[in-house]
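The values are calculated or read from the model by the stated rules, or taken from the named source; none is laboratory data. Keep in mind that what you see is a predicted model, and the values were worked out from it rather than measured. Please note that ligands, DNA and RNA were not included when accessible areas were found on the heavy atoms of the full protein model with its side chains. Shrake-Rupley method; radii C 1.70, N 1.55, O 1.52, S 1.80 Å.
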Amino acid sequence: MNAPSTIDSTSTPDARTKHVSPRAAAERALETTKDTAREAVRRTAEGIEANPLAVLVGGVALGVLAGAVIPRTEQEGKLLRPVGKRLTDTAAGAAQAAREAGKAELDALGLNREAARDQVGKLLDGVVKALSSAGSAAAAKASAK
């Protein structure tokens, strides 16, 4: 019969990790952290390159949030009030111009409110006819049995 084998406690993975010096463990943890940070930087850079518009929107959102949270001083209010009014007026004018241009373009394509109402009416008439035909066909099939 075979004699029971003796396991060398220093050859098993569990035993080796138990006897690692604190310095070696700290170095290993530091290397792992560095690798993780490098990978995060790489993925972030890829994300920015893949979708720069989302990054821009996120940056603007963070700026607005920061501006809302950080209190304004009286001096900032005096200096920025004219700029804010001018920006508001310009944005309102641009929105109005875009609305009018879009409406004119839709009218040129025949897509105004009346045309849309007519199209919806035609669509509903078609749906009603289809349902009526389906109901008639079902009734005819049921009475034929």
Within the chain, helix-based [θ] at 222 nm, where runs of 4 or more DSSP H residues each add -39,500 (n - 2.57), nearest 500: -29000 deg cm²/dmol
Between helix 22-50 and the chain: long-axis angle, C-alpha atoms, 0 to 90°, nearest 10: 20 degrees
Proximal aspartates and glutamates to Lys85, defined as alpha-carbon separation beneath 20 angstrom and excluding residues fewer than eight positions away on the same chain: Glu74, Glu76
Accessible surface, per residue, of the chain when the full set of protein chains is kept, probe 1.4 Å, Å²: 89 Å²
Relative intensity, log₁₀ I(q)/I(0), of the chain from a Debye sum that treats every alpha carbon as a point, q = 0.15, 0.19, 0.20, 0.21 Å⁻¹: -1.09, -1.19, -1.24, -1.28
Folded to 0 to 90 degrees: helix 52-69 orientation relative to the chain principal axis, Cα: 90 degrees
Descending principal axes extents, segment 81-134, alpha-carbon based, whole Å: 66, 22, 11
Residues of type aspartates and glutamates that Lys122 reaches as a straight line, Cα spacing below 15 Å, ignoring anything fewer than 8 places off in the same chain: Glu114
